[in-house]
Structures are given as structure tokens and as C-alpha cells.
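Here the structure is laid out as C-alpha cells; the discussion comes afterwards.
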Amino acid sequence: MSNYVIQADQQLLAALRAHYENALSDRLPPGALFAVKRPDVTITAYRSGKVLFQGKAAEQEAAKWMGEQGADPAKRQRRESTSPPLEHRLAKLSAIGSDEVGTGDYFGPIVVAAAYVDRSHIANIAALGVRDSKQLNDEAIKRIAPAIMKTAPYAVTVLTNAEYNRWQRSGMPQTKMKALLHNRTLAKLVDAIAPIEPEAIIIDQFLERDSYFRYLAEEDCIVHERVHCLPKAESVHVAVAAASIIARYVFLEEMERLSRTTGFPLPKGAGAVVDEAAARIIRLRGEEMLETCAKLHFANTKKALAIAKRR
């Protein structure tokens, strides 16, 4: 195996990371800033500035950067600025987008949805009125979501309240729950569209990419190729916006189902009206009923118990 080492400053390290972003590995050796895993080369960048190239293409890849080691930063910056930003490049690719809803709602599950939009269908999906679900009211969600679901391959994972409460009592933070749900949803969709391979997988960011993959370390199946965790990702690619709408649509369906079970409409969010609704459930159906429809560790539970005792 060929080994080549170059010494890089902070600007070159940033350029390397950006260039190889689609092949970043979630497994880092001690002292590493980032690692790149490709079939013909492995690249490891260390905090010391040393960058190690290993594999069949090590010499070829290292050669691309050797001329950059002593380059004038201003010249290097001009060269880098000729490439369009990552977000602009991703917007035109065939991509899977992934988003979740329900994390801040006392009642109802967490729902994660992923949608695949081929580059040839981007305009068609956008023409349906697709944008971030938070910008659409419930009526618009119920109108647009079925059209998306007929047009784009998708997958959904629902974490019920009972399961959520079990995970939470085990000590699992909500960020890890979301990481597990996103990965499992992505795995279902990647399998469903095979042998098609998306050019990018874009998650609406709730964690930095490295932290996201650390939460997945014990999972048997991890989707890690070409994964990007980006803030406001629904504005980066229409697939993320489509996923957010599907997730909201399924969440609304689940809320309607839970409302039928409790016997009255359950409000969204976590405000005072939610406290009153939870207190009503306690009075009419008993505190144990909350296990099946609410996230019990929210402060709303304590407030609802106090309200129920006063009446």
C-alpha cells in the first residue's frame, strides 16, 4: 500500500474537507480531524496538520494538493471561490431529503420522513407548492402531501408515544432518538429505490454530522455515503421540503387517531391549552392514558396533574 504525507495549514485542511465532503468517514483514528474513505484511497487529516494518503490512488490524490502547501492564501482563495457553494451544487442533484416533526409537541409521536427526488423531477415537485411544512397550514399539508406521495418514492418511521417514553426513561436523549429514526428511515428508502443510488442524502440538521454518526455507532445498518447534515435544508433541496410535508401529514393523521382514542381533539404544541387537555385526559381516562398519547417528561405533565387535582 502506498503512503504519502503532506503538511497542511488550516485553510488547506478546510479545502480538503470541503473537496471530499461526500466521502467523509464517521470512524476517526485518535488525533484525527476528519477521514475520507474511497475505494482506491483513504485520507486522514490530523490536528497536527499532517495529511496521510493511503491506497492505490494515494500518490495521484496527494499530488493534487502538494502544490497547494506553499501557495499564497489569496491565490488559493481565488481558486476555491470559482467553485459554486455546496448548497448550490446539491440543489440540482438527484437526492434523498429527510426531516422530522413532533419533537416539540407534547401530544403525538415523532415522525421522520424521507423522500427521493430525481433531478429530472425537481421542477415537477416544486410546482406542487412544496416548501418547508412549517410555512404551510394543515389544509395545505393535506392537499399537497398526497400528490408528493404519488410522485416521489418515500419512507416514514413513526415513534409512538409509548415507545418514546420507554426510550426516554432509559436515558436516551431526544437527539439520539432523532438520529436513530433518521437513519432507519433512510435505510428503508435506500433499499426501496435500489439499484438507484442517490447523488446526495440531505438531513435537515439537528446535529453536526460527526455527532450524528456517533449516535449511530451501535446500529447494524448505517447509511453514511454522501450524507449531508445542513441547517435549513428544506431551502437547499426540494426533497427535504417534500419530506417535511410528508412527515407533517403523517403526524396530523396520528394526532387525529389519538384524538379519536381520547374522545376529543388533542392540541398541538406545548402551551397552556395542552396543559388543560392533558388534565382533562387525567380526569376522564386516568393518568396512565397519557403514556399512550403524550411525551411524559415534558413539563406539561406536572402542570396537568396540578390542574386535575384542583378540579
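Specify the residue that is farthest from T103 (Cα to Cα); the eligible residues are those in segment 214-238 that are out of contact with any helix residue (DSSP H, G or I) (no Cβ under 8 Å at 6 or more places or on another chain) and modelled with pLDDT of 90 or more.
Among those that are out of contact with any helix residue (DSSP H, G or I) (no Cβ under 8 Å at 6 or more places or on another chain) and modelled with pLDDT of 90 or more, it is D220.
Here are the criteria: (1) crowded, with 18+ Cβ neighbours inside 10 Å; (2) in contact with a helix residue (DSSP H, G or I) (Cβ under 9 Å, 6 or more places away or on another chain). Tell me which single one D118 does not satisfy.
(2)
Give the residues of segment 113-150 that are closer than 27 Å to A179 by Cα and hydroxyl-bearing (S, T, Y), sorted by residue number.
Y116, S133
Hey, can you tell me all the residues within segment 249-280 that are among the aromatic types (F, W, Y) and modelled with pLDDT of 95 or more? Before you say what the answer is, go through the steps one by one.
Residues of segment 249-280 that are among the aromatic types (F, W, Y), as a first pass: 249, 251, 264.
Of everything in segment 249-280, those that are among the aromatic types (F, W, Y) and modelled with pLDDT of 95 or more turn out to be Y249, F251.
Restricting attention to strands (runs of 3 or more DSSP E) lying wholly within segment 3-82, give those where 1 or more residues are touching a Leu at 6+ places or on another chain (Cβ under 9 Å), surrounded by fewer than 18 Cβ atoms within 10 Å (Cβ to Cβ) and at pLDDT below 85. First the steps, then the outcome.
Working: elements: 3-7, 32-37, 42-46, 50-54.
Result: 3-7.
Kindly list the number of the only condition in (1) touching a residue at least 40 places away in the same chain (Cβ under 8 Å); (2) in a helix (DSSP H, G or I) that fails for D275.
The failed condition is (1).
Does R285 satisfy the condition of being at pLDDT below 95, basic (K, R) and farther than 25 Å from A113 by Cβ?
On the way: at pLDDT below 95: yes; basic (K, R): yes; farther than 25 Å from A113 by Cβ: yes.
So R285 fits the description; yes.
Could you check segment 216-268 and list, in sequence order, the residues that are within 18 Å of K188 (Cα to Cα) and in contact with a strand residue (DSSP E or B) (Cβ under 7 Å, 6 or more places away or on another chain)?
Passing the criteria: V223, R226, V227, H228, A239, V240, A242, A243, S244, I246, A247, V250.
Which residues, counting only those in segment 279-301, are in contact with a helix residue (DSSP H, G or I) (Cβ under 8 Å, 6 or more places away or on another chain) and assigned to a loop (DSSP other than H, G, I, E, B)?
Selection gives C293, K295, L296, H297.
I'd like to verify a number: residues in segment 164-195 that are of a type in the set (A, V, I, L, M), out of contact with any strand residue (DSSP E or B) (no Cβ under 8 Å at 6 or more places or on another chain) and over 17 Å from A247 (Cα atoms), how many?
In the first step, residues of segment 164-195 are kept if they are of a type in the set (A, V, I, L, M); the result is 172, 177, 179-181, 186-187, 189-190, 192-194.
Imposing the further condition that a residue be out of contact with any strand residue (DSSP E or B) (no Cβ under 8 Å at 6 or more places or on another chain) reduces the set to 172, 179-180, 187, 194.
Within this subset, residues satisfying the condition of being over 17 Å from A247 (Cα atoms) are 172, 194.
Residues flagged as of a type in the set (A, V, I, L, M), out of contact with any strand residue (DSSP E or B) (no Cβ under 8 Å at 6 or more places or on another chain) and over 17 Å from A247 (Cα atoms) within segment 164-195 amount to 2.
So which of A233, A278, A247 is in contact with a Lys or Arg (Cβ under 9 Å, 6 or more places away or on another chain) and either under 20 Å from V156 (Cβ atoms) or of a type in the set (G, A, S) (or both)?
On the way: A233 fails: in contact with a Lys or Arg (Cβ under 9 Å, 6 or more places away or on another chain); A247 fails: in contact with a Lys or Arg (Cβ under 9 Å, 6 or more places away or on another chain).
Of A233, A278, A247, the one residue that is in contact with a Lys or Arg (Cβ under 9 Å, 6 or more places away or on another chain) and either under 20 Å from V156 (Cβ atoms) or of a type in the set (G, A, S) (or both) is A278.
Name the one entry in E254, E218 that is in contact (Cβ under 8 Å) with a residue 40 or more places away in the chain and surrounded by fewer than 23 Cβ atoms within 10 Å (Cβ to Cβ).
Values: E218 fails: in contact (Cβ under 8 Å) with a residue 40 or more places away in the chain.
Result: E254 is the single residue among E254, E218 that is in contact (Cβ under 8 Å) with a residue 40 or more places away in the chain and surrounded by fewer than 23 Cβ atoms within 10 Å (Cβ to Cβ).
Test of understanding: among S235, S259, S244, which residue is among the polar types (S, T, N, Q), over 30 Å from R17 (Cβ atoms) and surrounded by 14 or more Cβ atoms within 10 Å (Cβ to Cβ)? Working first, answer last.
Working: S235 fails: over 30 Å from R17 (Cβ atoms); S244 fails: over 30 Å from R17 (Cβ atoms).
Residue meeting the stated conditions: S259.
Identify the single condition in (1) charged (D, E, K, R); (2) closer than 23 Å to I122 by Cα; (3) more than 19 Å from the chain's Cα centre (by Cα) that D204 does not satisfy, given that it satisfies every other one.
Single failed check for D204: (3).
With the checklist (1) of a type in the set (V, I, T); (2) buried (at least 20 other Cβ atoms within 10 Å of the Cβ); (3) more than 16 Å from F206 (Cβ to Cβ) in hand, flag the one item T160 doesn't pass.
It is condition (2) that T160 fails.
The values are calculated or read from the model by the stated rules, or taken from the named source; none is laboratory data. Values in this document were obtained by computation on a predicted structure and should not be read as measured data. For neighbour counting, all protein chains shown are included, and Cβ atoms are generated from backbone atoms with ideal geometry for every residue, glycine included.
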